[in-house]
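The values are calculated or read from the model by the stated rules, or taken from the named source; none is laboratory data. None of these values were measured; they are calculated from a predicted model. Using ideal geometry, Cβ is built from the backbone for each residue, glycine included, and neighbour counts are taken over all protein chains shown. With ligands, DNA and RNA removed, areas are computed over all heavy atoms of the protein, side chains included. Shrake-Rupley method; radii C 1.70, N 1.55, O 1.52, S 1.80 Å.
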Amino acid sequence: MKQTVLLLGATGRTGASILEALLVDPESFVVSALVRPESASRDDVLALAARGVGLRVVDIEGPLEPVVEALKGFDVVISTIDFTAQLAQLQLATAAKQAGVKRFVPCAFITVAPPGGVMHIRDEKEAVYQHIFKLYLPYTIIDVGYWHQISFPRVPSGRADYAVLHPGGPELHADGKAKNLLTDLRDVGRYVARIINDERTLNKYVVTYSDSLSEEEIYSLTEEVSNEKIERKYISADEIISARAKDTEESIANPNDIMPFLKRVGGDYQYSKYVRGDNTAEYAKYLGYLDTNELYPDFKPIKFRDFLVDLLQQKVPTISGKLPQMKAKK
Ligand SMILES: NC(=O)c1ccc[n+]([C@@H]2O[C@H](COP(=O)([O-])OP(=O)(O)OC[C@H]3O[C@@H](n4cnc5c(N)ncnc54)[C@H](OP(=O)(O)O)[C@@H]3O)[C@@H](O)[C@H]2O)c1
């Protein structure tokens, strides 16, 4: 049966991946985009409308009633809101409940990690999940590991530099041996299309990944595919822990400043992925996640090796490094 889907974040990276995957399957999905008023007249938003994507323009942090109205008639609401604005989804979930949405997909889309002080953004997402549970709102929480697009090292020839999001690193963390789940950003939407069409994933956590690789393995694979030798630089676990503590302190002292917040988020990821070793299939299973490799054995994801081949041939679409504006904390 055809599902009506409202997507928040269609102009962003995760959202664009989901939008494309839903649009190629008009037999299964009719897609609309939830857009905030200040973005409604931007060219990329108008381009969505020109492609036949319905627009619902509303301020999700404004009065509740217009948000409920905007969500009425949708079977599925998906949020891919940026990492600085997670708590703006609290009212969105309330509105989804009141509008009778049959499946709410809050913005998870990160690595596997536990709530409770390991990653600040995971804890903000947790606040949204707990609100959903209290509302008794049907949900699916989808995590994707870390994107291929931000998991590769630079190669000496500079062939991959065009796709580097954050210049500088990445160095290898701790001993470089912690395994991590990886998904190509281009596959996120393909997975989401499968997951929201599947009753088995209702009221469940789901994890997607094409590979489980350590940084040592990523470096070796990149050397093999590029035929270039890559120098290894290591950051110790102690250095990660002390930098994370400093960045957290600085971000708390400057709550409206994006740069300390960004460093805090980065430090949390390093701590969770490489010191604690959270982002693994075994831990996901322990936490109760369904695994898309078991749900969809026929699904052919973009493997990290194939991503590297595309990357070195300069065929990987670049992802914007545009930072969201921090909203002043009340
Ligand atoms: N697993 C990974 O490796 C990885 C990597 C990066 C991010 N993530 C996660 O993925 C999630 C999405 O990140 P992203 O990088 O894909 O996002 P993004 O590219 O920054 O896009 C964010 C989207 O949210 C929209 N938005 C923000 N506030 C809004 C509001 N109040 N009302 C309506 N729309 C709003 C933006 O619309 P405008 O056009 O109006 O700005 C934009 O479309 C984040 O929560 C982050 O935790 C995961």
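Is one or more of the residues making up the stretch 22-33 out of contact with any strand residue (DSSP E or B) (no Cβ under 8 Å at 6 or more places or on another chain) and within 9 Å of the ligand (Cβ to nearest atom)? Please lay out each step first, then the result.
Pass one, the stretch 22-33, residues out of contact with any strand residue (DSSP E or B) (no Cβ under 8 Å at 6 or more places or on another chain): 24-27.
Those still in the list that are within 9 Å of the ligand (Cβ to nearest atom) too: none.
The answer is no, given that none of the residues of the stretch 22-33 is out of contact with any strand residue (DSSP E or B) (no Cβ under 8 Å at 6 or more places or on another chain) and within 9 Å of the ligand (Cβ to nearest atom).
In the stretch 53-83, how many are of a type in the set (S, T, N, Q) and either more than 10 Å from the ligand (Cβ to nearest atom) or in a loop (DSSP other than H, G, I, E, B) (or both)?
Matching residues across the stretch 53-83 total 1.
Do we have any residue at all in the stretch 146-153 that's within 21 Å of Ala85 (Cα to Cα) and part of a loop (DSSP other than H, G, I, E, B)?
Checked against the condition, which is being within 21 Å of Ala85 (Cα to Cα) and part of a loop (DSSP other than H, G, I, E, B), the stretch 146-153 yields no hits at all.
Got at least one residue in the stretch 84-103 being more than 9 Å from the ligand (Cβ to nearest atom), open to solvent by 20 Å² or more (accessible area, probe 1.4 Å) and within 21 Å of Leu181 (Cβ to Cβ)?
Checking the stretch 84-103: not a single residue is more than 9 Å from the ligand (Cβ to nearest atom), open to solvent by 20 Å² or more (accessible area, probe 1.4 Å) and within 21 Å of Leu181 (Cβ to Cβ).
Looking only at the stretch 111-144, filter to residues that are assigned to a loop (DSSP other than H, G, I, E, B), among the aliphatic types (A, V, I, L, M) and open to solvent by less than 10 Å² (accessible area, probe 1.4 Å); which one of those is farthest from the ligand (Cβ to nearest atom)? Even if it seems obvious, please write down each step before you answer.
From the stretch 111-144, those assigned to a loop (DSSP other than H, G, I, E, B) are 111-119, 136-138, 144; that's our starting set.
Cutting the leftovers down to among the aliphatic types (A, V, I, L, M) gives us 112-113, 118-119, 137, 144.
Remaining after also requiring open to solvent by less than 10 Å² (accessible area, probe 1.4 Å): 112-113, 119, 137, 144.
Details: Val112: 10, Ala113: 11, Met119: 9, Leu137: 19, Val144: 5 Å.
Only one residue tops the list, namely Leu137.
Consider the stretch 103-124. How many of its residues are farther than 20 Å from Val275 by Cβ and of a type in the set (Lys, Arg)?
Residues in the stretch 103-124 being farther than 20 Å from Val275 by Cβ and of a type in the set (Lys, Arg): 1 in total.
If I go through the stretch 9-35 residue by residue, how many of them are hydrophobic (A, V, I, L, M, F, W, C), part of a helix (DSSP H, G or I) and surrounded by fewer than 22 Cβ atoms within 10 Å (Cβ to Cβ)? Working first, answer last.
So the first thing to find is which residues in the stretch 9-35 are hydrophobic (A, V, I, L, M, F, W, C), and the list is 10, 16, 18-19, 21-24, 29-31, 33-35.
Next cut, part of a helix (DSSP H, G or I) only: 16, 18-19, 21-23.
Filter again for surrounded by fewer than 22 Cβ atoms within 10 Å (Cβ to Cβ), leaving 21, 23.
Within the stretch 9-35, residues that are hydrophobic (A, V, I, L, M, F, W, C), part of a helix (DSSP H, G or I) and surrounded by fewer than 22 Cβ atoms within 10 Å (Cβ to Cβ) number 2.
Here is a yes/no grid of residues against (1) assigned to a loop (DSSP other than H, G, I, E, B); (2) modelled with pLDDT under 95; (3) within 23 Å of Phe83 (Cβ to Cβ):
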{"residue": "Glu239", "(1), (2), (3)": "no, no, no"}
{"residue": "Glu249", "(1), (2), (3)": "no, no, yes"}
{"residue": "Asn256", "(1), (2), (3)": "yes, yes, yes"}
{"residue": "Val265", "(1), (2), (3)": "no, no, yes"}
{"residue": "Asp268", "(1), (2), (3)": "no, no, yes"}
{"residue": "Lys273", "(1), (2), (3)": "no, no, yes"}
{"residue": "Asn279", "(1), (2), (3)": "yes, no, yes"}
{"residue": "Lys285", "(1), (2), (3)": "no, no, no"}
{"residue": "Glu294", "(1), (2), (3)": "no, no, no"}
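Yes/no per residue for (1) free of Cβ contacts under 8 Å to residues at least 12 places away in the same chain; (2) under 17 Å from Lys285 (Cα atoms):
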site	(1), (2)
Asp161	yes, no
Gly189	no, no
Val192	no, no
Asn203	no, yes
Ile230	no, no
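Among Val105, Val101, Val118, which is within 23 Å of Ser17 (Cβ to Cβ) and within 19 Å of the chain's Cα centre (by Cα)?
So the residue among Val105, Val101, Val118 that is within 23 Å of Ser17 (Cβ to Cβ) and within 19 Å of the chain's Cα centre (by Cα) is Val105.
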